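The values are calculated or read from the model by the stated rules, or taken from the named source; none is laboratory data. Everything numeric here is computed off the predicted structure, so don't read it as measured data. Every residue, glycine among them, receives a Cβ derived from its backbone with ideal geometry; neighbour counts consider all protein chains shown. Note: areas computed on protein heavy atoms with side chains; ligands, DNA, RNA excluded. Shrake-Rupley method; radii C 1.70, N 1.55, O 1.52, S 1.80 Å.
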Amino acid sequence: ETGVTQTPRHLVMGMTNKKSLKCEQHLGHNAMYWYKQSAKKPLELMFVYNFKEQTENNSVPSRFSPECPNSSHLFLHLHTLQPEDSALYLCASSQDWTSSTDTQYFGPGTRLTVL
Amino acid sequence: GENVEQHPSTLSVQEGDSAVIKCTYSDSASNYFPWYKQELGKRPQLIIDIRSNVGEKKDQRIAVTLNKTAKHFSLHITETQPEDSAVYFCAATPILTGGGNKLTFGTGTQLKVEL
């Protein structure tokens, strides 16, 4: 499946490191999302971008910084993370944020471990 | 905001039996309910969805039922097969004009189909 890709697939970082997660969608969509998936918890929406503009920030700590240079690419910049930030970070895209019933297509995720 | 509860957290069935996963939601404004399947190590994928203007929807071996009065909806899988083994997530969102594709997910059900 190549609709939504994410790199890297696995990342181990120390609390003082700076790293970035990348997401790319090849579906011609205009909305892109970052989710956090932790064990035994629901998928947590972090950020939403629609036509490159941020439309949602779900009270995410500033150590997570998103960037959306165009409708096909989404980044999540990580800085001074905590061990509790270890999780699977999923990117998703949909045709248009304003349409609540548009299917969200997910990427394979980046498994992040913070030491 | 919306709160979605999902039960059971784990479900084990014999191949060929039926499986039922139940979700309840809190926001009476929610009227779109998708279900996602996530196989081990893979991305979540939409398998079926239902809108509040219908009470039941079927697609081959899977079906979803919705009771808006009681604010609960269920996923039914008949004639289960080993490839049905996965984590299933329910979600809910209101359909509002320009309101945004903001899914609230349940905590997931780990379904295991045993031979």
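Where does chain A land on Rg(C-alpha)/(2.2 N^0.38 Å)?
With N residues counted in chain A, Rg over 2.2 N^0.38 Å equals 0.99.
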For chain B, what's the radius of gyration and Dmax over Cα atoms, in angstrom?
13.8, 47
Could you tell me which of the pairs A:LYS41/B:LYS102; B:LYS71/B:LYS112; A:LYS18/B:LYS102; A:LYS36/B:LYS42; B:LYS42/B:LYS71 are separated by over 22 angstrom between their Cα atoms in the structure shown?
B:LYS71/B:LYS112; A:LYS18/B:LYS102; B:LYS42/B:LYS71
Could you give the length gained by full extension between B:GLN81 and B:ASP27, i.e. 0.36 nm per residue of separation minus their alpha carbon distance, to one decimal place?
16.0 nm
Hey, can you find the accessible area per residue of the protein assembly as shown for me, probe 1.4 Å, expressed in square angstrom?
47 Å²
Can you tell me the relative contact order of chain A? Whole percent, Cα pairs under 8 Å, sequence separation 6 or more.
37 percent
Starting from the Cα of A:HIS79, step 7 Å toward the Cβ, then list every residue of the range A:34-63 with an amide N under 11 Å from that point.
A:62-63
Considering the dipole of the protein assembly as shown built from charges on the beta carbon (Lys and Arg +1, Asp and Glu -1) around the Cα centre, which of B:SER12, B:TRP35, A:TYR89 is farthest to its positive end?
A:TYR89
How big is the charge dipole of the range B:6-115 about its Cα centre, in debye rounded to the nearest 20, if each Lys and Arg gets +1 on its Cβ and each Asp and Glu gets -1 on its Cβ?
460 debye
Which parts of the range A:65-113, residue by residue, lose 20 Å² or more of accessible area when the rest of the protein chains are there, as against the chain isolated (1.4 Å probe)?
A:TRP97, A:THR98, A:SER100, A:THR101, A:THR103, A:GLN104, A:PHE106, A:PRO108
